[in-house]
Amino acid sequence: MRRFLLFFLLATISQTQSSQVQTALMANVPGRKTASLNGAWHIVVDPLESGLNAGYYLNHKPKDKRELVEYDFEASETLSVPGDWNTQKEKLLFYEGSVWYEKSFSYSRREHTRVFVYLGAVNYLARIYVNGEAVGEHEGGFTPFDFEVTKVLHDGDNFLVIEASNQRRDDAVPALHTDWWNYGGITRDVVLIETPETFIRDYWIQLAKGSRDQIGGWVQLDGDHRPQQPVAIEIPEAGIKTSAITDAQGRATFHVPAKLQLWSPQDPKLYDVRISYGDDVVHDSIGFRTIETRGPQILLNGEPIFLRGISLHEEAPIRGGRAYSVEDAQTLLGWAKELGCNFVRLAHYPHNENEIRLADRMGLLVWSEIPVYWDIAWKSPAALANARAQLRDMIARDHNRAAVILWSLSNETPVDPDRLAFLRTLAEDARRLDPTRLITSAMNRVEDDGADRHVLKDPIGEFLDVLGLNEYYGWYYGRPEDADRQTWTSAYDKPLIISEFGGDAAYGRHGDVATRWTEEYQASIFVHQRNMVKKIPHLAGLSPWLLMDFRSPRRPLPGIQDYYNRKGLLSNMGQRKQAFSVLQNFYRELHEHEPPLK
Ligand code: GCU
């Protein structure tokens, strides 16, 4: 009996592990053959998650006039995809729970092809069904995922059902408390991707670490890759054409000398890169640059650079809700450029790929972050596994984007042994997955070393390359004018970014500089913060909080906040507050005193 139990136990463990096996993310979806499933999807709002037992995913129609079926997608209301549900229907503004989405579509199968469904993001949990068959589920509200549907797609009519739930949980990532709106739903694009039977799933094409004239990388195939044929990598404008043979795991590794125009904010040079294997050809636009630190300096292409930045949420300007489109990204990053930025902190979760690719084209350096935010369940293996998966997928999607220089592991987390172990694991993952970029975190626990003297000693500084420090002198503590005499140091000989400072102001609310919530008070915070940060040794950059007002359930103050965090330099309607010019002038002054680029 004991032997049987042992066998049963081993079989169960292996089955569980195999069902959790995640295939590597499909890289560069915009560069592939896709069919969009964006548009109107029928929905059923399901706060009690009855749909699971009722079998909503079957999209069933009554067989005859007797049969009891208590849902009907075809007759149901719709939501637009992509887009959060909160800002599409008044009744869903505060909704937290499940919504079932259904999309019918026809598909013509082609011989020797495979088909995948790819979703840019679903906040927070997604269960995916095709023609009534479960194809997979995904946790994490801001990273893409794809599932193969080759065997379950019909030639002709099909339907896709997705259960999306934004239910918060104390062991989720983020957990129960955030200072942003819990926008739920299919918040980014949904596409079908058709590939050859063996295709290029992912690739890494960047300058080899520590080199400015060697491209190193790999190409990962998916499918039967025997006999091993060459994978071709071409960068025509750089006169590069090379090939490599795959190994037993379908990975082809290569190194090739390269004379390149390096990517920089002043000259965001992108090259057309063509990767091909058999019938599969993928084009990408890739910039080449190096990023490293030397003591307290950040070096871009070997030269010290000061990061003139701004933080921003993925909040759609004007219309509100989750931003997702190229137009949203053009507005937001356009404002950052007008501010005089060469850097953006995309808080507090991976933003959509349109924004990252636009930053590549515009020459904006990027801090990209996973939502390990505030009070995470540090002891929970499930929370750690989820954070690791979100980090893996953030890196997998954007590891060929020159603009991205910093992977941020967390924001404002407590100094605690379990948190230290949790973040150390994430740091080790990030270094293994991407040895070329810098690792950071936004911290806010500092120690006072006498009056007006603050020291950052957070132990996670040991394994970070760049330190982020959030401080709110003049808003949450102290008066704006007292900032001038504050000093901030860190216990590490590493670059320090003040990753947040600021204060709320309702656009158009005026008074004297001592009156909170006015534009004058907010501007005064920025004037005195400027005086203060100028004196910070090791300061390598700033990303004040933040570009634009954004929705938050923690900010109800009527007539001023109305469920918006008002720390934006612009209102959510794009109106500039006085502090915008204060920061803009500061960045203009910094830029004029920058050493000329060699
Ligand atoms: C915190 C946090 C932000 C928050 C901000 C604020 O530092 O990182 O997410 O919105 O402060 O209080 O406005």
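The values are calculated or read from the model by the stated rules, or taken from the named source; none is laboratory data. As the structure is a computational prediction, the values presented were derived from the model and not from experiment. Every residue, glycine among them, receives a Cβ derived from its backbone with ideal geometry; neighbour counts consider all protein chains shown. Surface accessibility is based on the protein's heavy atoms, side chains included, excluding ligands, DNA and RNA. Shrake-Rupley method; radii C 1.70, N 1.55, O 1.52, S 1.80 Å.
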Next on the checklist: Checking the condition hydrophobic (A, V, I, L, M, F, W, C), under 18 Å from GLU500 (Cα atoms) and not in a helix (DSSP H, G or I), which residue from LEU583, LEU546, LEU557 passes?
Outcome noted: LEU546
Checklist entry - Out of segment 484-495, which residues are of a type outside the set (Val, Ile, Thr) and more than 16 Å from the ligand (Cβ to nearest atom)? => result ASP484, ARG485, GLN486, SER490, ALA491, TYR492, ASP493, LYS494, PRO495
Item to check | Inter-residue pairs, beta-carbon under 8 Å, first in contact (Cβ under 8 Å) with a residue 24 or more places away in the chain and over 21 Å from THR489 (Cα atoms) and in segment 434-450, second outside any strand (DSSP E or B) and among the polar types (S, T, N, Q), 6+ apart | outcome: THR436/THR290
Item to check | Any pair with Cβ under 7 angstrom, 6 or more apart, that starts in segment 175-186 at a residue that is aromatic (Phe, Trp, Tyr) and ends at one that is within 13 Å of the ligand (Cβ to nearest atom) and outside any loop (DSSP other than H, G, I, E, B) | outcome: TRP180/PHE550; TRP181/ARG551
Item to check | Positions within segment 311-357 being open to solvent by 10 Å² or more (accessible area, probe 1.4 Å) and of a type in the set (A, V, I, L, M), in sequence order | outcome: ILE318, VAL326
Checklist entry - Out of (1) within 16 Å of the ligand (Cβ to nearest atom); (2) of a type outside the set (Val, Ile, Thr); (3) surrounded by fewer than 23 Cβ atoms within 10 Å (Cβ to Cβ), the odd one out for PRO174 is which? => result (3)
Checklist entry - Is there a residue in segment 178-188 that is in contact with a Lys or Arg (Cβ under 6 Å, 6 or more places away or on another chain), more than 16 Å from the ligand (Cβ to nearest atom), over 20 Å from HIS348 (Cβ atoms) and of a type outside the set (A, V, I, L, M)? => result no
Checklist entry - Regarding ARG388, is this residue away from the ligand (no atom under 16 Å from the Cβ) and not in a loop (DSSP other than H, G, I, E, B)? => result yes
Checklist outcome for this item: Restricting segment 359-368 to residues that are open to solvent by less than 10 Å² (accessible area, probe 1.4 Å) and more than 15 Å from the ligand (Cβ to nearest atom), the one nearest to ASP179 (Cα to Cα) turns out to be SER368
Checklist entry - Residues in segment 411-443 that are within 16 Å of the ligand (Cβ to nearest atom), closer than 22 Å to LEU542 by Cβ and in contact with an Asp or Glu (Cβ under 7 Å, 6 or more places away or on another chain): how many? => result 4
Checklist entry - Which one is nearest to the chain's Cα centre (by Cα), of the residues in segment 478-499 that are touching a residue at least 60 places away in the same chain (Cβ under 8 Å) and open to solvent by less than 10 Å² (accessible area, probe 1.4 Å)? => result SER499
Checklist entry - Looking at (1) without any contact (Cβ under 8 Å) to a residue 40 or more places away in the chain; (2) of a type outside the set (A, V, I, L, M); (3) closer than 30 Å to GLU194 by Cα; (4) not assigned by TED's automatic domain parsing to the domain that holds ILE439, which is the one condition that is false for ARG294? => result (3)
Next on the checklist: Test of understanding: among LEU364, LEU384, LEU346, which residue is over 30 Å from PRO414 (Cα atoms) and in the same structural domain as ILE439 (by TED's automatic domain parsing)?
Outcome noted: LEU364
Checklist entry - If the Cβ limit is 6 Å and pairs must be 6+ apart or interchain, which residue in segment 109-125 that is surrounded by fewer than 14 Cβ atoms within 10 Å (Cβ to Cβ) pairs with which residue that is not in a strand (DSSP E or B)? => result ARG109/ASP155; HIS112/GLU197
Item to check | Within segment 444-477, considering residues that are more than 15 Å from the ligand (Cβ to nearest atom) and among the charged types (D, E, K, R), the one surrounded by the most Cβ atoms within 10 Å (Cβ to Cβ) | outcome: ASP465
Checklist entry - Is there any pair linking a residue in segment 57-80 that is at positive phi and in the same structural domain as LEU37 (by TED's automatic domain parsing) to one that is part of a loop (DSSP other than H, G, I, E, B) and of a type outside the set (Ser, Thr, Tyr), with Cβ under 8 Å and at least six apart or on different chains, and which? => result ASN59/GLY132
Checklist entry - Just one of PRO381, PRO371 is open to solvent by 10 Å² or more (accessible area, probe 1.4 Å) and either under 22 Å from GLU500 (Cα atoms) or free of Cβ contacts under 8 Å to residues at least 60 places away in the same chain (or both); which is it? => result PRO381
Item to check | Positions within segment 74-114 being hydroxyl-bearing (Ser, Thr, Tyr) and in a strand (DSSP E or B), in sequence order | outcome: THR78, SER80, SER98, TYR101, SER104, SER106, TYR107, THR113
Checklist outcome for this item: Here the qualifying pairs (Cβ atoms under 7 Å; residues six or more apart or on different chains; first in segment 331-353 and touching a residue at least 40 places away in the same chain (Cβ under 8 Å) and at positive phi; second open to solvent by 10 Å² or more (accessible area, probe 1.4 Å) and away from the ligand (no atom under 16 Å from the Cβ)) come out as GLY340/ARG308; GLY340/GLN584; GLY340/ARG588; GLY340/HIS591
Checklist outcome for this item: Among strands (runs of 3 or more DSSP E) entirely within segment 230-278, at least 2 residues that are in the same structural domain as GLN206 (by TED's automatic domain parsing), of a type in the set (Phe, Trp, Tyr) and open to solvent by less than 40 Å² (accessible area, probe 1.4 Å) occur in 271-277
Next on the checklist: For segment 534-555, which positions are within 16 Å of the ligand (Cβ to nearest atom) and not basic (Lys, Arg)?
Outcome noted: LEU542, SER543, PRO544, TRP545, LEU546, LEU547, MET548, ASP549, PHE550, SER552, PRO553
Checklist entry - Got at least one residue in segment 304-315 being closer than 15 Å to ILE405 by Cβ, within 16 Å of the ligand (Cβ to nearest atom) and modelled with pLDDT of 95 or more? => result yes
Checklist entry - In this structure, does GLU133 turn out to be open to solvent by 10 Å² or more (accessible area, probe 1.4 Å) and either closer than 18 Å to VAL117 by Cβ or out of contact with any Gly (no Cβ under 8 Å at 6 or more places or on another chain) (or both)? => result yes
Item to check | Candidate set: segment 560-571, residues that are in a loop (DSSP other than H, G, I, E, B) and within 11 Å of the ligand (Cβ to nearest atom); chosen: the one farthest from ALA483 (Cα to Cα) | outcome: GLN561
